[in-house]
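Values quoted throughout were computed directly from the atomic coordinates according to the rules given, and no laboratory measurement underlies them. Because the structure is a prediction, the values reported are computed rather than measured. Note that we place each Cβ from the backbone using ideal geometry, even for glycine, and neighbour counts take in every protein chain shown.
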Amino acid sequence: MSNRLNTPNDLRAFWMPFTANRQFKQEPRLFVSAKDMHYQTHDGRQVLDATAGLWCVNAGHCRPKITEAIREQAGELDYAPAFQLGHPKAFELANRLVDIAPEGMNHVLYTNSGSESVETALKVALAYHRVKGNGSRTRLIGRERGYHGVNFGGISVGGIVANRKMFGTLLTGVDHMPHTHLPGKNAFTRGEPEHGGDLATELERIVTLHDASTIAAVIVEPVAGSTGVLIPPKGYLQKLREICTKHGILLIFDEVITGFGRLGAPFAAQYFDVTPDIITTAKGLTNGVIPMGAVFVTSEIHDAFMTGPEHMIEFMHGYTYSGNPIASAAGLATLETYKEEGLFERARDIAPYWEDALHSLKDVKNVIDVRNIGLIGAIELDQIAGEPTKRAFTAFLKAYEDGLLIRTTGDTIAMSPPLIVEKHQIDEIVGKLREILTNGI
Ligand code: PLP
């Protein structure tokens, strides 16, 4: 197809999210179709997807079962009110979801995005303590360099300064643990780093400062993605769990990125063998195709709300599109695709090949760290003095020209290919990166 037909004649009206709008509109990068591991651009080129879209297309693009389920559902039941009414597929999907969740996480609240899942989780945590008679537990603890979406709760507990500094005082009563990124000690670690597990004890310091009776929940990404792939040091998550349990604080894992097979298990909770009280998800739940998120909670949390007169609403929260029929159909078809094709196991089995391939870039010019876990990988580049993010952004643009989609955050290249990635495609990703880093930037 010609470039002309595929390029809108005016790009000005759409204020694009998390995008350098002026740069983009001078040099637009548009995808017009996709299949399995590849996108096709508006100028007719194939681009190998090393990022599963935005960490979400875990089963690969335009998978027939998912596409068909959406098509059928749209013609059968387009929308059903989400409050005081329902439709079968939302319940069916919740049942399938709790089947693959860590033991004891038996209930699901639906949202439309990762950001909404985070807001929902924080509200559940606050309300849970209140219904249990512990209304003084109102503080929320996040972590430096955490990313929990873009809404006010999420940026308050989040720890990325650029995402916070423009937006006033945010939520009050929030504190942050230190991040766990220790490049001086852990650079070029394969999997979980040796150093930094003891940083979890910083939570004890925060508890001592505020008193446990004021703290509702701690929220962390088991593997921090958007801040540049920070993998938890050995023992860190276990220690957080211990401290939270000891003090009656709810532990929330934000698994918007790690959920649905990214580490080779359904959830990071199972991969690390640490069970939180609440898990937030989105993205891979519908293979990124239709906006949908889910928040998993334990029976203990759910049951605490099931009191009072039966005609009364137990939790004053929800969205017009919670459990939307088309999203539910997409979710069911996505889970079936993961299962039928054994994609979580596939991710686990190919992860060592991914790890070796990435670490072969260790000695390439300007590479100062390589990190990986499951089917996630990061290549951190030496920052150009006085021009943070420029080297990585240049690599992103060059990769796009060369037919490879990567993602960058700061000066780190972050990658998370669909779980259907083949070995020869991993070779292609790493080969192209080697060429770009050696000769292109
Ligand atoms: N939480 C985590 C850990 C994420 O990585 C993201 C997005 O990347 C979000 C929340 C926000 O998700 P969304 O962009 O769907 O609102």
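Observations on the structure shown:
- 3J(HN,Hα) along region 116-124: 5, 4, 5, 4, 4, 4, 5, 5, 4 Hz, from the Karplus curve 6.51 cos²θ - 1.76 cosθ + 1.60 with θ = phi - 60°, whole Hz, x for Gly and Pro.
- A cut-off of 5 Å between modelled amide H atoms, ignoring neighbours fewer than 5 places along the same chain, links Arg407 with Ala414.
- DSSP beta bridge pairing in the chain, given as percent antiparallel to the nearest 5: 65
- Fewest-first sequence of Trp15, Trp354 by Cβ atoms within 10 Å of each Cβ: Trp15, Trp354
- Across every pair of non-identical alpha carbons in region 68-204, the mean reciprocal distance, once inverted, gives a Kirkwood radius of 18.5 Å.
- Residue exposure proxy: Ser226, Ser115, ordered by other Cβ atoms within 10 angstrom of their Cβ from fewest to most, comes out as Ser115, Ser226.
- Taking Met37, Met415, Met316 in turn, the Gaussian network model of the chain (Cα-Cα springs below 10 Å) assigns the largest fluctuation to Met316.
- For the residues Glu336, Glu401, Glu387, a GNM of the chain with alpha-carbon springs under 10 Å puts the largest fluctuation on Glu387.
- Vicinal HN-Hα couplings computed from phi for region 330-339 (Karplus, 6.51 cos²θ - 1.76 cosθ + 1.60; Hz; Gly/Pro x): 5, x, 4, 5, 5, 4, 5, 4, 4, 6
- Taking amide H positions as modeled 1.01 Å from N, with prolines and chain starts lacking one, the residues under 5 Å from Ala294 and 5 or more places away or on another chain are Thr111, Thr281, Ala282.
- Largest GNM mean-square fluctuation among Ile100, Ile243, Ile384, using the chain with Cα springs under 10 Å: Ile384.
- Each peptide in 299-306, 373-380, 278-285, 341-348 receives the mean, over its residues, of other Cβ atoms within 10 Å, and ordering these scores from highest gives 278-285, 373-380, 341-348, 299-306.
- Fewest neighbouring Cβ atoms within 10 Å first, the residues Thr438, Thr208, Thr394, Thr189 line up as Thr208, Thr438, Thr394, Thr189.
- Under Karplus coefficients 6.51, -1.76 and 1.60, residue-wise ³J(HN,Hα) of region 397-413 in Hz, glycine/proline x: 5, 5, 4, 4, 4, 8, x, 9, 9, 10, 10, 10, 9, x, 9, 10, 8
- Helical content alone sets the calculated 222 nm signal of the chain at -10500 deg cm²/dmol, taking -39,500 (n - 2.57) per DSSP H segment of four or more residues and averaging over every residue.
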